[in-house]
Amino acid sequence: MDHDLEIFPLLSYVLHHSDPASHAPPSQAIQQSLANRYPLLTNPHVISSLIESIPSTITQTLYVFSSLGPRPDPSAVSVARSKIVAIRENDSLSPEDAAKEEEVYSTVVKLEEVHEGYEKLLRDLEEELSRVYGSAVESLNGGDEVNEKVLAVIKEAEVGGVVERIDLSDRQLKLIPDALGKIVGLVSLDLSRNDLKLLPDTISGLEKLEELDLSSNSLRSLPDSIGLLLNLRILNVTGNKLTSLPESIAQCRSLVELDASFNNLTSLPANIGYGLLNLERLSIQLNRIGFFPNSICEMRSLRYLDAHMNQIHGLPVAIGRLTNVEVMNLSSNFSDLTELPDTISDLANLRELDLSNNQIRVLPDSFFRLEKLEKLNLDQNPLEFPPQKIVNQSVESVREFMRKRWEEMVEEEQLRSVIEAEKQQGGATGWLSWGSSIVTSLFSGGTPHSGAAKKDSFLDQQL
């Protein structure tokens, strides 16, 4: 965190919870101070209200504030102001000389004034956040934000009832109380189609949870504590406002399905593939992802990968390790996706491949090795190899074209190697071949290079 923001503790805390990837958390000392001053700060409704009150211009304000550099020393500012007064009172200086001398000190004063202006903006915002906190706490007393069904479910669990599945979808919920995380026997939780902006950290208390549906909400981030859901098999966060996934998601090693489509993701956690070794379905379409992390190549169980409508610039070289992938959709990455690595041909079980609406000109030479490929979509690409007329025929036609192209390339390379070898040996190979032809002709009664001459098999073997 920028050290300048430490003088605005509440602001720095809220910024971190609104976008953990861009804003580091406050120091432990500051967090403890905030907990003492704002005891209900971790309440989902309270923090959600605070995040909503942050103006959209805050990013630009913080950028300018941080780019100003250190604030001038107060004594230096005081000296600069005194010097400016003295220069203006010195009648012996010409206007030009006075302006030149004053400019040096004016720079210090102006920098101080800019710092003061931006600090006032942030100070006012800090005070506004404090007022919003008070209003949010007051609204909690009425309990209006908590659905009655939620309270009833929690009450049932508290009195010893066995609750394994909870469906709270489509109830216009704005917050989930911390107590929901105490239903330790919960296996399935559906919170889809609500107005949730924050998921409480206490979600980690659902140790047996296997299915979590958070789709179609207004979540901007997921808590790091989600990584403690070690039994989670299905996670659906499609249709939110997520800009990133927490690195801790890699600890959900039981995950089989992850749907993070239709968000604002620009990347995936760097370590995601090292932890999610059991993942079979990964849906990340309709985001703004530019690159796959190299670790994705370690998802050896992956069978389905959908990354269409992103900004994918290319695939990792090791993509061929995903030998269990059967369906891959990389369509509509438009001008960003221009080529495929040769290793894509190692996807031995690939059945469906959608590469439409990209800028691919040439398929990898070894593409014919995708023997199980049944469906191939190459529409809206400036293809040169294979030609469009081949593509329009069938997958098998494409495969056969690329196979012949490969064989021709191999033959050309072999011929090139022979010619190069003869050059390096000073033509010895050519002379040996010519000499053998003459000897064979003499014994057979023919002429050199005569295709009709009958060869003596014994002599051929000796030669």
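The values are calculated or read from the model by the stated rules, or taken from the named source; none is laboratory data. Here the structure is a predicted model, which is why all the values come from computation and not from measurement. No Cβ is skipped: glycine too gets one built from the backbone with ideal geometry, and neighbour counts run over all protein chains shown. Ligands, DNA and RNA are excluded from the accessible area calculation, which covers all protein heavy atoms including side chains. Shrake-Rupley method; radii C 1.70, N 1.55, O 1.52, S 1.80 Å.
Selection over the stretch 366-378 of residues that are touching a strand residue (DSSP E or B) at 6+ places or on another chain (Cβ under 9 Å) and either open to solvent by 30 Å² or more (accessible area, probe 1.4 Å) or polar (S, T, N, Q) (or both) gives a count of 4.
Annotation note: of 75, 67, the sole residue that is open to solvent by 20 Å² or more (accessible area, probe 1.4 Å), without any contact (Cβ under 8 Å) to a residue 12 or more places away in the chain and more than 31 Å from the chain's Cα centre (by Cα) is 75.
Table: residues versus (1) touching a helix residue (DSSP H, G or I) at 6+ places or on another chain (Cβ under 6 Å); (2) closer than 23 Å to residue 337 by Cα.
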site	(1), (2)
239	no, no
262	no, yes
291	no, yes
296	yes, yes
305	no, yes
309	no, yes
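Considering (1) of a type in the set (Val, Ile, Thr); (2) surrounded by 12 or more Cβ atoms within 10 Å (Cβ to Cβ); (3) modelled with pLDDT under 80, the lone condition that residue 159 does not fulfil carries the number (2).
Rundown of residues vs (1) open to solvent by 20 Å² or more (accessible area, probe 1.4 Å); (2) out of contact with any strand residue (DSSP E or B) (no Cβ under 9 Å at 6 or more places or on another chain), yes/no style:
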| site | (1), (2) |
| --- | --- |
| 267 | yes, yes |
| 273 | no, yes |
| 283 | no, no |
| 299 | no, no |
| 309 | yes, yes |
| 321 | yes, yes |
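Within the stretch 324-345, the set of residues being at pLDDT 95 or above and open to solvent by 50 Å² or more (accessible area, probe 1.4 Å) comprises 324, 326. If we scan the stretch 11-22, do we find a residue that is in contact with a Ser or Thr (Cβ under 6 Å, 6 or more places away or on another chain), open to solvent by 60 Å² or more (accessible area, probe 1.4 Å) and modelled with pLDDT of 80 or more? Yes, the stretch 11-22 contains a residue that is in contact with a Ser or Thr (Cβ under 6 Å, 6 or more places away or on another chain), open to solvent by 60 Å² or more (accessible area, probe 1.4 Å) and modelled with pLDDT of 80 or more.
Would you tally the residues in the stretch 170-185 being in contact with a strand residue (DSSP E or B) (Cβ under 9 Å, 6 or more places away or on another chain) and either closer than 15 Å to residue 226 by Cα or surrounded by fewer than 15 Cβ atoms within 10 Å (Cβ to Cβ) (or both)? Step through it out loud before you land on a result.
Here is the first cut: in the stretch 170-185, the ones in contact with a strand residue (DSSP E or B) (Cβ under 9 Å, 6 or more places away or on another chain) are 180, 183.
If we keep only those that are either closer than 15 Å to residue 226 by Cα or surrounded by fewer than 15 Cβ atoms within 10 Å (Cβ to Cβ) (or both) too, we end up with 180.
Going through the stretch 170-185 one residue at a time, the tally reaches 1.
Just to be sure, is residue 103 closer than 16 Å to residue 11 by Cβ and open to solvent by 30 Å² or more (accessible area, probe 1.4 Å)? Here the answer is no, as residue 103 does not meet what is asked. Just one of the listed residues (57, 61) is closer than 21 Å to residue 127 by Cβ and either exposed (fewer than 12 other Cβ atoms within 10 Å of the Cβ) or touching a Cys at 6+ places or on another chain (Cβ under 9 Å) (or both), and it is 57.
When you check residue 295 against the structure, is it farther than 22 Å from residue 368 by Cβ and either part of a loop (DSSP other than H, G, I, E, B) or open to solvent by 30 Å² or more (accessible area, probe 1.4 Å) (or both), yes or no? Taking the combined requirement at face value, the residue does not satisfy it.
Does residue 222 satisfy being free of Cβ contacts under 8 Å to residues at least 60 places away in the same chain, under 25 Å from residue 51 (Cα atoms), among the hydrophobic types (A, V, I, L, M, F, W, C) and part of a loop (DSSP other than H, G, I, E, B)? Quick ask: steps written out before the conclusion?
Working: free of Cβ contacts under 8 Å to residues at least 60 places away in the same chain: yes; under 25 Å from residue 51 (Cα atoms): yes; among the hydrophobic types (A, V, I, L, M, F, W, C): yes; part of a loop (DSSP other than H, G, I, E, B): yes.
Answer is yes for this residue.
Assess whether residue 209 counts as being part of a loop (DSSP other than H, G, I, E, B) and either basic (Lys, Arg) or modelled with pLDDT of 95 or more (or both). Considered against the rule, which asks whether it is part of a loop (DSSP other than H, G, I, E, B) and either basic (Lys, Arg) or modelled with pLDDT of 95 or more (or both), residue 209 comes out as yes.
Every condition in (1) closer than 30 Å to residue 133 by Cα; (2) assigned to a loop (DSSP other than H, G, I, E, B); (3) touching a Leu at 6+ places or on another chain (Cβ under 7 Å) holds for residue 50 except the one numbered (2).
Applying the condition of being surrounded by fewer than 13 Cβ atoms within 10 Å (Cβ to Cβ) and of a type outside the set (A, V, I, L, M) to the stretch 29-51 and asking which residue is nearest to the chain's Cα centre (by Cα) yields 32. Taking (1) more than 18 Å from residue 115 (Cα to Cα); (2) more than 31 Å from the chain's Cα centre (by Cα) in turn, residue 20 satisfies each apart from (2).
For the stretch 326-340, enumerate the residues that are part of a loop (DSSP other than H, G, I, E, B) and in contact with an Asp or Glu (Cβ under 8 Å, 6 or more places away or on another chain).
We begin by selecting, within the stretch 326-340, every residue part of a loop (DSSP other than H, G, I, E, B); these are 326, 330-333, 337-340.
Across the stretch 326-340, the qualifying residues are 326, 330, 331.
For the residues 390, 438, the requirement of being of a type in the set (A, V, I, L, M), farther than 24 Å from residue 309 by Cα, at pLDDT 50 or above and open to solvent by less than 80 Å² (accessible area, probe 1.4 Å) singles out 390.
Go through the stretch 189-203 and give me each residue that's open to solvent by 30 Å² or more (accessible area, probe 1.4 Å) and either outside any helix (DSSP H, G or I) or of a type in the set (S, T, N, Q) (or both). Walk me through it before giving the result.
Looking only at the stretch 189-203, we keep the residues that are open to solvent by 30 Å² or more (accessible area, probe 1.4 Å), and these are 190, 193, 195, 197, 201-202.
Answer for the stretch 189-203, where residues must be open to solvent by 30 Å² or more (accessible area, probe 1.4 Å) and either outside any helix (DSSP H, G or I) or of a type in the set (S, T, N, Q) (or both): 190, 193, 195, 197, 202.
Scanning the stretch 230-246 for residues that are open to solvent by 30 Å² or more (accessible area, probe 1.4 Å), free of Cβ contacts under 8 Å to residues at least 40 places away in the same chain and not in a loop (DSSP other than H, G, I, E, B) yields a single hit, 234.
Scanning the stretch 108-123 for residues that are of a type in the set (Val, Ile, Thr) and open to solvent by 40 Å² or more (accessible area, probe 1.4 Å), we see that the one that is farthest from the chain's Cα centre (by Cα) is 108.
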